[in-house]
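J.: Dropping the structure in here first, questions after.
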């Protein structure tokens, strides 16, 4: 089937590991368009760079980059407020909501994606939300997307756009395995919460990513800050 004959879909692509796999799925099954939302996060420029590189590799032609000023102004998260430090990962990730949670962020992202989907005539909006092996963000739960789909049905012209969360029930290692099968360009992704030069390796996002690749028996293609080993 030619690209012109395929159905259209919009994918939210942050530039991270999960969104990259989600984009690879969308590009495989649809004529995909990718949207990236910058919101004043610490690694904004590096994530945007990853977005464009992933789109190039996956041959996603239609791209939309927008900036959300509200989330930085609101603050309340270590990702958007310089006064709140990005912590190292706790021994048990996912117990409680961490300071890296950006309040109601995915609602902002989805609103942009759904609006664009209406203009493009797309029936689906893909987002790489993950509940398993995750930081425990409330806007990554299945019930959140069920409720958001009701909002989309009630608030769009034809009410036919569906939010799709193909990774939400997978563990991180399964996402890595799926990405490898799809040829997802993990080498172009950026997951670190705090640095834009070399991934820190110790924030929750880095730790979850490193654990996922290790559990999948795969090599993570990005570089991390070398671990300092001290001897007594």
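J.: Filter the range 114-156 down to residues that are touching a helix residue (DSSP H, G or I) at 6+ places or on another chain (Cβ under 8 Å) and assigned to a helix (DSSP H, G or I) and give me whichever is nearest to residue 169 (Cα to Cα).
T.: The residue in question is 140.
J.: Residue pairs, Cβ under 6 Å, 6 or more apart or interchain, first in the range 100-115 and more than 18 Å from residue 136 (Cα to Cα), second assigned to a loop (DSSP other than H, G, I, E, B). List them.
T.: Pairs found: 108/68; 114/161.
J.: So, of the residues in the range 1-15 that are surrounded by fewer than 22 Cβ atoms within 10 Å (Cβ to Cβ) and either out of contact with any helix residue (DSSP H, G or I) (no Cβ under 6 Å at 6 or more places or on another chain) or assigned to a loop (DSSP other than H, G, I, E, B) (or both), which turns out to be modelled with the highest pLDDT?
T.: This residue is 7.
The rows are residues; the columns are (1) surrounded by 15 or more Cβ atoms within 10 Å (Cβ to Cβ); (2) modelled with pLDDT of 95 or more.
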position	(1), (2)
81	yes, yes
111	yes, yes
118	yes, yes
123	yes, yes
132	yes, no
146	no, yes
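J.: Go through the range 152-171 and report how many residues are crowded, with 22+ Cβ neighbours inside 10 Å and farther than 21 Å from residue 118 by Cα.
T.: The total comes to 1.
J.: Can residue 212 be described as in a loop (DSSP other than H, G, I, E, B) and surrounded by 18 or more Cβ atoms within 10 Å (Cβ to Cβ)?
T.: Spelling it out, it is not the case that residue 212 is in a loop (DSSP other than H, G, I, E, B) and surrounded by 18 or more Cβ atoms within 10 Å (Cβ to Cβ).
J.: Step by step: first the residues of the range 180-202, then only those that are touching a helix residue (DSSP H, G or I) at 6+ places or on another chain (Cβ under 8 Å) and under 15 Å from residue 29 (Cβ atoms), then the one that is surrounded by the most Cβ atoms within 10 Å (Cβ to Cβ). Which residue is that?
T.: Restricting to residues being touching a helix residue (DSSP H, G or I) at 6+ places or on another chain (Cβ under 8 Å) and under 15 Å from residue 29 (Cβ atoms), the top hit is 184.
The values are calculated or read from the model by the stated rules, or taken from the named source; none is laboratory data. Predicted model, so just to flag it, every value in this text is computed and none were measured. With ideal geometry, Cβ positions are generated from the backbone for all residues, glycine too; neighbour counts draw on all protein chains shown.
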